[in-house]
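The structure appears below as structure tokens.
Read the figures in this text as sums done on the coordinates, not as results from a lab. Here the structure is a predicted model, which is why all the values come from computation and not from measurement. Neighbour counts are summed over all protein chains in view; Cβ atoms, including those assigned to glycine, are modelled from backbone coordinates with ideal geometry.
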Amino acid sequence: MVETQREGRAHTDLPIQRLMTTHGMIDLETLSTRPDAVILSLGAIKFNPYTQEQPYDPLYFKVDVDSQTAMGRHVMQDTLDWWATQPEHIREDALGESDRMDLDYTIKAINKWAVGVEVFWCQGPLFDYAILQNLYAQLNRPCPWQYWAIRDSRTLFSLYKETDVIKLDAHNALADCDYQAKKVQRYYKQLNLRP
């Protein structure tokens with residue numbers, strides 16, 4: 001504790017506890033596993049890993065496919081075949097043509113959502129962030145995150161095996177983000193991680 005003199009009276013500066021830490025989870029659904037993959041949809045959600053509070057500020061949209069293929073972004077036959085094995089409602093959500101956003105909107109929406117995010121999570125940074133960074137580079141735009149702020153939830157989830165958790169709506173980018181963010185919160189609590 002530090003004692004200081006303010007306006008003629010003693011004042012004690014107590015250590016400031018961070019009340020809110022903003023982490024963000026991003027998930028992509030794509031047509032390839034390469035860094036130059038066509039992005040079908042993007043989901044993102046903010047959360048505080050040190051609490052069990054509900055994740056917030058969700059972002060979800062489908063990205064225009066035609067503009068990406070016109071830029072030479074990659075479509076992989078194996079990935080198309082994999083999508084064909086998914087339940088119809090998941091396929092329709094990912095592959096349907098309605099409500100797709102152009103690339104300018106995509107970049108602006110991600111940038112706006114990223115304001116204030118201190119740590120950026122995903123389920124494998126060599127997939128989600130590699131693809132996004134490739135897109136940003138191809139569009140000659142700076143990424144709204146630094147390399148040192150990226151975290152991999154798979155590494156965290158490998159520390160111990162969680163049981164009795166059911167994941168719904170797999171392969172919907174926003175549902176995946178929400179599930180992964182809540183799982184990070186549970187792991188932080190279980191591992192007694194503190195800010």
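Kindly indicate whether any position in the range 149-162 is farther than 30 Å from T85 by Cβ and in a loop (DSSP other than H, G, I, E, B).
Within the range 149-162, one or more residues are farther than 30 Å from T85 by Cβ and in a loop (DSSP other than H, G, I, E, B).
This table checks each residue for (1) touching a Leu at 6+ places or on another chain (Cβ under 8 Å); (2) surrounded by fewer than 18 Cβ atoms within 10 Å (Cβ to Cβ).
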site	(1), (2)
D27	yes, no
T30	yes, no
V65	yes, yes
K112	no, yes
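I need the full set of residues from the range 125-140 which are crowded, with 16+ Cβ neighbours inside 10 Å, free of Cβ contacts under 8 Å to residues at least 60 places away in the same chain and not in a helix (DSSP H, G or I), in order please.
The one that is crowded, with 16+ Cβ neighbours inside 10 Å, free of Cβ contacts under 8 Å to residues at least 60 places away in the same chain and not in a helix (DSSP H, G or I): P125.
State yes or no: is A109 out of contact with any Phe, Trp or Tyr (no Cβ under 9 Å at 6 or more places or on another chain), within 14 Å of I26 (Cβ to Cβ), of a type in the set (A, V, I, L, M) and part of a helix (DSSP H, G or I)? Outline the logic, then answer.
Working: out of contact with any Phe, Trp or Tyr (no Cβ under 9 Å at 6 or more places or on another chain): no; within 14 Å of I26 (Cβ to Cβ): yes; of a type in the set (A, V, I, L, M): yes; part of a helix (DSSP H, G or I): yes.
In short, no.
When you look at Q52, is it of a type outside the set (G, A, S) and under 27 Å from L191 (Cα atoms), yes or no? Show your work before the answer.
On the way: of a type outside the set (G, A, S): yes; under 27 Å from L191 (Cα atoms): yes.
The answer is yes for Q52.
Looking at the range 87-105, which of the residues that are touching a residue at least 40 places away in the same chain (Cβ under 8 Å) and touching a helix residue (DSSP H, G or I) at 6+ places or on another chain (Cβ under 8 Å) is farthest from Y179 (Cα to Cα)? Talk me through it step by step, then tell me what you get.
Looking only at the range 87-105, we keep the residues that are touching a residue at least 40 places away in the same chain (Cβ under 8 Å), and these are 90, 93-95, 101, 103, 105.
Cutting the leftovers down to touching a helix residue (DSSP H, G or I) at 6+ places or on another chain (Cβ under 8 Å) gives us 94-95, 101, 103.
Values: A94: 18, L95: 22, M101: 24, L103: 26 Å.
Looking at residues that are touching a residue at least 40 places away in the same chain (Cβ under 8 Å) and touching a helix residue (DSSP H, G or I) at 6+ places or on another chain (Cβ under 8 Å), I get L103.
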